[in-house]
Amino acid sequence: MKDDRPRGGLSIPVLTILDEGGRLLDADQRRLLRYLVQSGFGADVLFILGTTGEWNRIPMEQRERLIVVALDERRTINEQLRRLGRPPIEVWVGVTGRTRAETRVGLERALELGADAGVIAPLSIEDIGDVVTFFHREVTPLFERKGRELPLLLYDNAEIAVHPTIPHIRTRDVKRLSRLPYVRGIKVTAPRRVLGHYTKAALHFNERGAFGIYVGEAMLIFDLFRPTRGLLGKLREYWNLYLLHHALPIGVVAGPANVFPREWQKAWRVCAAGDEPLMSRYRSLLGAFERLCTFWESGRPVFKLIAGMKHVLYREGIIASDHVAPGTPALTEEQKAILVEGYARLKEQIRAQTDPLWHSRREEAEGIAPPTPSVNDREVEKAMRR
């Protein structure tokens, strides 16, 4: 992370590609990473071993293997991006373990192997105790012994918290942790109100811009960045900024971008630019995919995003296995057929209603390719600045 500032933009929590026995498929994982980068038109950050990567459902040895594969592929990807004159991508590694000891091992390996940053979900550690004490007594001494630090981002997600009565990191803890030089931001899967608490806490002790807020509820960016229009619009914008303490997020963490990396990169750009017509269009199109991954079982809706994304990527020929880890809800054969049919229609709609430059290309999985001949270099550079 350059100048001690966290990388903004689109962060994709990468799926972990497994065989039937739960073992990592190295070649398929590399193909997916290349697909997500899209020659510089996709992910700004590849976040491995997040919730979407099933970190809490695969064994430690498979997690470590994934770190090695991802960081090795990063070198190849960034060299190709450099030759194309495009910014490098970063690889952030989820280091959370079930225990403090397991978390320290993950953190140490990410540091040794050269990750760009580590992501830690303190409330998912079973024996965490006091969150701030854990960082002061176990994380800081580890960095001191190693003689260097790994930039860390906090991860707040009530769905993976160990104790249901403590769904979010306490604001006072975020305030204290933001004083640590290696804590650079927080990824929040929560409503605007919670985002605002963290923003306020971080600004107490951190130089403005040195602590980034990342939206984990990806569809929320279409509300947060919606421009003003008339009196009601101004009131809505004031309310959003009031809740966020006048500090908008610097990035989005979008799970569905595993399927639509270019489309989500463009969505982030149009939101940041306040392009209201395109914001409405992308909101409608990209929101449809999550609905496709929701199925009714025993009279209630069941969200199967991970299995849905894996199956779509499998059908596209990007990966050779759509197996999920033990404990992750799997698709039935009937649900697979429904999903494939709905996805085909959605893909046609996206192709018909958006700029071809921002259509994800499955051939990117084979390696970074130059832009299509129909797009000249000047148009590409203009598009990259938008």
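The values are calculated or read from the model by the stated rules, or taken from the named source; none is laboratory data. The structure displayed is predicted, hence computed values, not measured ones. Ideal geometry is used to build each Cβ from the backbone, glycine not excepted, and the neighbour counts take in all protein chains shown. Ligands, DNA and RNA are excluded from the accessible area calculation, which covers all protein heavy atoms including side chains. Shrake-Rupley method; radii C 1.70, N 1.55, O 1.52, S 1.80 Å.
Amide H of VAL119: which non-local residues (sequence gap of 5 or more, or other chain) have their own amide H closer than 5 Å, using H built in the peptide plane?
Counting only residues 5 or more places away or on other chains, the set is VAL93, GLY94, VAL95, LEU153.
Given H placed 1.01 Å from N in the peptide plane, which residues other than close sequence neighbours of GLY9 have an amide H under 5 Å from its amide H?
GLY251, VAL252
Report the full-extension gain for the segment ASP130 to LEU248: residue separation times 0.36 nm, less the Cα-Cα distance, to one decimal in nm.
On the way: separation 118, 0.36 × 118 = 42.48 nm, distance 2.90 nm.
Gain on extension, ASP130 to LEU248, equals 39.6 nm.
Once amide H atoms are built 1.01 Å from N in the peptide plane, which residues 5 or more positions from SER360, or in another chain, come under 5 Å H to H?
For SER360, whose amide H was placed from the backbone, the distant partners under 5 Å are ARG262, GLU263.
Would you mind checking the pairs LYS266/LYS347; LYS187/LYS347; LYS266/LYS310; LYS304/LYS336 and listing those with alpha carbons more than 20 angstrom apart? Each step should come with its number before you reach the end.
On the way: LYS266/LYS347 16 Å; LYS187/LYS347 29 Å; LYS266/LYS310 22 Å; LYS304/LYS336 11 Å.
The answer is LYS187/LYS347; LYS266/LYS310.
Short version: ³J(HN,Hα) in whole Hz for each residue of the stretch 327-332, in order, from phi by Karplus 6.51 cos²θ - 1.76 cosθ + 1.60 (θ = phi - 60°), x for Gly and Pro, what are they?
With coefficients 6.51, -1.76 and 1.60, one gets x, 7, x, 9, 8, 7 Hz.
Across the stretch 120-137, in residue order, what do the Karplus-derived ³J(HN,Hα) couplings come to in whole Hz, using 6.51 cos²θ - 1.76 cosθ + 1.60 with θ = phi - 60° and x for Gly and Pro?
Working through the residues one at a time gives 10, 9, x, 6, 9, 8, 4, 10, 4, x, 7, 4, 5, 4, 4, 5, 5, 9 Hz.
Find how many whole Å separate the alpha carbon centroid of the stretch 128-171 from the alpha carbon centroid of the stretch 245-290.
29
Averaged per residue, what accessible surface does the stretch 2-101 expose to a 1.4 Å probe, in Å²?
Numbers: 3530 Å² over 100 residues.
Spelled out: the 1.4 Å probe surface of the stretch 2-101, per residue, equals 35 Å².
Using θ = phi - 60° and the Karplus curve 6.51 cos²θ - 1.76 cosθ + 1.60, what whole-Hz ³J(HN,Hα) does each residue of the stretch 277-282 get, with Gly and Pro shown as x?
Couplings: x, 6, 4, 5, 5, 5 Hz.
In nm, what is the difference between 0.36 nm times the number of residues separating GLU341 and ARG300 and their Cα-Cα distance? Present the calculation step by step, with values, prior to reporting the outcome.
Working: separation 41, 0.36 × 41 = 14.76 nm, distance 2.18 nm.
Extending this stretch completely gives an extra 12.6 nm.
Between HIS163 and ARG75, what FRET efficiency comes out of the Förster formula 1/(1 + (r/R0)^6) with R0 = 51 Å and r the beta carbon distance, rounded to 0.05? Each step should come with its number before you reach the end.
Details: r = 40 Å, r/R0 = 0.78.
Here the calculated transfer efficiency is 0.80.
What part of the accessible area of the stretch 7-81, given as a whole %, is carbon or sulfur when the probe is 1.4 angstrom? Provide the component values of the computation, followed by the final result.
Values: 940 of 2140 Å².
Exposed carbon and sulfur together represent 44 percent of the surface.
Just how large is the dipole of the stretch 25-68 about the Cα centre, in debye to the nearest 20, putting +1 at every Lys and Arg Cβ and -1 at every Asp and Glu Cβ? Show your work: numbers first, answer last.
Values: 6 positive and 6 negative charges, 17 e Å.
With Lys and Arg at +1 and Asp and Glu at -1, about 80 debye.
Report, to the nearest whole %, how much of the accessible area of the stretch 252-298 belongs to carbon and sulfur atoms, 1.4 Å probe, protein only. Mind showing how you got there, number by number?
On the way: 800 of 1600 Å².
After summing per-atom areas, the C and S share lands at 50 percent.
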